Amino acid sequence: MNTSLLERRHRLLGKAAPLFYDQPLHIVRGQGVFLYDADGREYLDAYNNVPVVGHCHPTVVQALAAQAAQLNVHTRYLHENVVDYAERLTATFDASLAMAVFTCTGSEANDVALRMARTLSGREGIICSSSTYHGNTAAVDELSTIFSGGRTTSARVRAVPFPESYRPLRGLGGPALLDAYVAEVEEAIRSFEAQGLGLAGMLVCPIFANEGLPEVPAGYLERVARLVRQAGGYLIFDEVQAGFGRTGRMWGHQCAGVVPDIVTLGKPMGNGHPIGGVVARADIVDAFREHVMYFNTFGGNPVSCAAGLAVLQVLQEEQLLANAQEVGAYVARGLRELRATHAVIGDVRARGMFWSVELVADRNTREPAPAAAKAVLNAMKDRGVLISRLGPFDNVLKMRPPLPFSRGHADRLLETLDRCLADLHV
Ligand code: PMP
């Protein structure tokens, strides 16, 4: 490890500026599904979802470089790229989601979505989940329940328990469990109305990624969508993690079969180049634009849109959604086999090329094992494979590689995980 670089960073960015791992990594190069540190050591990247088509993909790099060499300005001049990109992007959604607003980050996209819902409904209340993160602007931070034990910091935001089957609400099961989770949303709407705030909308990730990728009781999103709309609110899906092929479908909400009113995008959109956006119904975008002069200096610039177009092109040319389904299912099978030999694995959940492995101290009580998760991800790094952890108890191993992840890469991930779990002494 480069200690002088770490010291300078501490001095200049602060010791609390987040870093991964007990011994931080100094990465200097990336290619495909691999990262390389300053000593030339190779790491299989099973964590980073942003480089969705692979680190430094030549098609994306060339598109960025060519456009940067020609022109980069804001969107108050006419330019083909922003229109071409909006056209190609909206074509991947349900026909009702026909217009786009571009931003630079996922946080900004969620901020715009909240403004749309509040401005157009004339109401304030937003429902989110009890263990989530949607970004870092002041308005979006009001929804960051992952850092506050499930509580929200604002009267205009209410958190409902996220739907799951592994630690079900009040120990319920079957239809009663689904009813109980839906009733929480009904209650949140009622309380907003009683307070005079009213419901502006509900903002959730359609696969509840930050919640630990739970198994969601079937029918949950359909039922809450109906409730939110009946109350005059907007249904907002945050596709910042779930989108761009991660689940094996282009959009996470396509797995659930529910079409939202507003979708927010980010992370993989530019394969590492900062671009985010909102895709929504045309009437929503038009009405919002009439009420709010929204302008984002860098959002939708020609270079960002060139990157976005290149990502869509590579996803298609390399059939990466099909790969996410095929290799995703292969890894899910392998992880379930590991569960048979390692008692610390309480549950394995998978959506395309996104896998979560919940570690527990006891399979019967399901007591979370966060120290084991931390030990495993550090040991994986020492053996040359990068993963992370997530969930309300920080005990869920999180794996979400770039989509050109092959069966060979999967075997290396599974073998390394098997060894690290075998070595576990916590
Ligand atoms: N939404 C979700 C679901 C996220 O996971 C994140 C970032 N982790 C964001 C939004 C915020 O995106 P950004 O960091 O680009 O602002």
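The values are calculated or read from the model by the stated rules, or taken from the named source; none is laboratory data. Since we're looking at a predicted model, the values are computed, not measured. Positions of Cβ are backbone-derived with ideal geometry, glycine not excepted, and every protein chain shown enters the neighbour counts.
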Query raised in the report: Pairs, please: C-beta under 7 Å, at least 6 apart or cross-chain, first residue hydroxyl-bearing (Ser, Thr, Tyr) and in the range 404-426, second at pLDDT 95 or above?
Result: 406/327; 416/380; 416/383; 416/385
Report summary line: Counting only residues that are surrounded by 21 or more Cβ atoms within 10 Å (Cβ to Cβ) and touching a strand residue (DSSP E or B) at 6+ places or on another chain (Cβ under 7 Å), the range 124-135 contains a total of 6
Query raised in the report: Within the range 102-125, which residues are among the aliphatic types (A, V, I, L, M) and within 18 Å of residue 210 (Cα to Cα)?
Result: 109
Report summary line: Residue hits (the range 123-136; part of a loop (DSSP other than H, G, I, E, B) and either touching a Lys or Arg at 6+ places or on another chain (Cβ under 6 Å) or near the ligand (Cβ under 8 Å from one of its atoms) (or both)) are 124, 132, 133, 134, 135, 136
Requested in this report: State all residues of the range 30-46 that are within 24 Å of the chain's Cα centre (by Cα) and not in a loop (DSSP other than H, G, I, E, B); if no residue qualifies, say none.
Outcome: 30, 31, 32, 34, 35, 43, 44, 45
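Residue-by-condition table, conditions (1) of a type in the set (S, T, N, Q); (2) crowded, with 19+ Cβ neighbours inside 10 Å; (3) farther than 21 Å from residue 106 by Cβ; (4) more than 16 Å from the ligand (Cβ to nearest atom):
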residue: 160; (1), (2), (3), (4): no, yes, yes, yes
residue: 164; (1), (2), (3), (4): no, yes, yes, yes
residue: 171; (1), (2), (3), (4): no, no, yes, yes
residue: 190; (1), (2), (3), (4): no, no, yes, yes
residue: 199; (1), (2), (3), (4): no, yes, yes, yes
residue: 213; (1), (2), (3), (4): no, yes, no, no
residue: 221; (1), (2), (3), (4): no, yes, no, no
residue: 224; (1), (2), (3), (4): no, yes, yes, yes
residue: 253; (1), (2), (3), (4): no, yes, no, no
Requested in this report: Just give me the residues in the range 142-158 being surrounded by 22 or more Cβ atoms within 10 Å (Cβ to Cβ) and either under 24 Å from residue 281 (Cβ atoms) or within 13 Å of the ligand (Cβ to nearest atom) (or both), in sequence order.
Outcome: 143, 145, 157
Report task. Look at the range 383-403 and say how many of its residues are buried (at least 21 other Cβ atoms within 10 Å of the Cβ) and within 22 Å of residue 272 (Cβ to Cβ). Result -> 10
Query raised in the report: Being surrounded by fewer than 23 Cβ atoms within 10 Å (Cβ to Cβ) and either within 20 Å of the chain's Cα centre (by Cα) or in contact (Cβ under 8 Å) with a residue 40 or more places away in the chain (or both), is that true of even one residue in the range 261-270?
Result: no
Requested in this report: Inspect all residues belonging to the range 201-208 and state whether any of them is more than 16 Å from the ligand (Cβ to nearest atom) and in a loop (DSSP other than H, G, I, E, B).
Outcome: no
Requested in this report: Please specify each residue of the range 323-349 satisfying the condition of being without any contact (Cβ under 8 Å) to a residue 24 or more places away in the chain and either over 30 Å from residue 373 (Cβ atoms) or basic (Lys, Arg) (or both).
Outcome: 333, 336, 339
Query raised in the report: Which of the residues spanning the range 188-200 are free of Cβ contacts under 8 Å to residues at least 24 places away in the same chain and outside any helix (DSSP H, G or I)?
Result: 196
Report summary line: Those residues of the range 255-283 which are among the polar types (S, T, N, Q) and more than 10 Å from the ligand (Cβ to nearest atom) amount to 271
Query raised in the report: So which of 300, 328, 272, 346 is on the phi > 0 side of the Ramachandran plot, out of contact with any helix residue (DSSP H, G or I) (no Cβ under 7 Å at 6 or more places or on another chain) and not polar (S, T, N, Q)?
Result: 272
Query raised in the report: Picking from 242, 139, which residue would you name as being under 15 Å from residue 110 (Cα atoms), in a helix (DSSP H, G or I) and within 16 Å of the ligand (Cβ to nearest atom)?
Result: 139
Requested in this report: Filter the range 103-118 down to the residues that are in contact with a helix residue (DSSP H, G or I) (Cβ under 7 Å, 6 or more places away or on another chain) and not charged (D, E, K, R), then identify the one that is farthest from the ligand (Cβ to nearest atom).
Outcome: 116
